[in-house]
Amino acid sequence: MKKKFIPEKDMADVILPFAGQWVTLSSDKTKVLGHSKKMETALNQAYKKGESTPHLIKSPDSSTSVFIF
Amino acid sequence: MKTHTLQYTKLSIPSQGKVPKKELYCPLLDTFLFNKSIQTHFSFKSIVDSGADFCVFPEKFGKLIGLDVKAGDKVLTFGVGGIETLYFHKIQIGVHIKGELWKLDCKAGFSAKLNPKGIGLLGRKGFFDQFAEIAFNQNKKMFRIKE
């Protein structure tokens with residue numbers, strides 16, 4: 001029997017409006033604390049909001065199809 | 001021996017013109033880097049990558065933990081993305097597995113090519129070799145880490 005896939009934490013739609021930008025999220029990944037084209041700016045926005053260890057992610061933009069390294 | 005079953009993380013790729021929004025599912029873990037008493041004051045995503053020989057992180061994250069990145073052991077690598085120079089340093093990586101932080105000693109490479117991606121690679125040496133087994137179930141979009 002196939003088990004239905006339920007994403008662990010659906011932060012995908014939280015970061016989607018910031019495609020191509022660095023985004024900092026609250027530790028539970030539900031709130032955007034900062035976003036910028038510059039990583040340092042996004043981090044500083046989160047620190048200023050009192051989050052000592054934000055989660056940093058580069059939101060994929062429309063040119064991203066797959067992650068290949 | 002404990003086994004942790006984790007779900008892939010969903011990422012959305014925005015629509016562009018007639019190309020609709022897409023969804024990607026990847027085996028990602030939240031990661032920190034530690035260099036003695038200095039650590040990254042943020043977590044970031046790393047891909048659990050069985051195709052990677054080593055653990056590799058963005059060069060700029062190495063600088064944030066006080067490494068003189070280019071003073072590390074220099075290795076030329078050949079991959080899908082072409083030729084890349086990595087600089088290796090002994091660090092600790094911290095990965096969150098089911099809410100628990102695992103600190104692992106690792107000789108990790110740092111790459112300038114990963115800077116714009118902001119993502120790490122958890123490869124076979126330094127990550128896979130520290131667990132009894134790591135297995136993927138692509139159809140269920142799940143992976144399993146056995147201690």
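Per-residue mean of foreign Cβ neighbours for B:61-73 is 0 (Cβ atoms of other chains, 10 Å radius). The accessible-area ordering, largest first, of the residues B:HIS4, B:HIS96 stands as B:HIS96, B:HIS4, per a 1.4 angstrom probe. For B:LYS21, the accessible area of its heavy atoms, probed at 1.4 Å with every protein chain present, is near 100 square angstrom. The order of A:ASP28, B:ASP105 by accessible area, most exposed first and with a 1.4 Å probe, is B:ASP105, A:ASP28.
Using Cα-Cα distances under 8 Å and only pairs 6 or more residues apart, what relative contact order does chain B have, in percent? For chain B, the relative contact order is 30 percent. Heavy atoms of the protein chains alone define the surface here; on that basis the protein assembly as shown has 52 Å² accessible area per residue at 1.4 Å probe size. When the accessible areas of A alone and B alone are added and the area of the pair subtracted, with a 1.4 Å probe, the result is around 3100 Å², both sides summed.
Remark: C-alpha extents of region A:12-58 on the principal axes read 24, 22, 11 Å, sorted largest to smallest.
Given a 1.4 Å probe and the protein chains as shown, B:ILE83 ends up with an accessible area of around 100 Å².
Ignoring ligands, DNA and RNA, please state the percent of accessible area on the protein assembly as shown from carbon and sulfur, probe 1.4 Å. That fraction is 52 percent. Measuring max minus min along each principal axis, the C-alpha atoms of chain B give extents of 46, 45, 30 Å (largest first). Largest first, the residues B:TYR25, A:TYR47, B:TYR87, B:TYR8 sort by 1.4 Å accessible area into A:TYR47, B:TYR25, B:TYR87, B:TYR8. In terms of distances greater than 23 angstrom between alpha carbons, the cross-link table entries B:LYS45/B:LYS141; B:LYS63/B:LYS113; B:LYS45/B:LYS113; B:LYS103/B:LYS140; B:LYS74/B:LYS146; A:LYS38/B:LYS74 yield B:LYS103/B:LYS140; B:LYS74/B:LYS146; A:LYS38/B:LYS74. Projected onto its three principal axes, the C-alpha set of region B:3-66 covers 49, 34, 23 Å, listed from the longest axis down. P(r) for the protein assembly as shown, from all Cα pairs and a bin width of 10 Å, is 8, 34, 38, 18, 2, 0 %, short bins first.
The mean count of C-beta atoms from other chains within 10 Å of the C-beta of residues in A:52-59, rounded to a whole number, is 6.
The values are calculated or read from the model by the stated rules, or taken from the named source; none is laboratory data. What you are looking at is a predicted structure, and each value in this text was computed from that prediction instead of being measured. Counting neighbours? That spans all protein chains shown, and the Cβs are built from the backbone with ideal geometry, glycine included. Quick note on the areas: whole protein, heavy atoms, side chains included, nothing else; ligands and nucleic acids left out. Shrake-Rupley method; radii C 1.70, N 1.55, O 1.52, S 1.80 Å.
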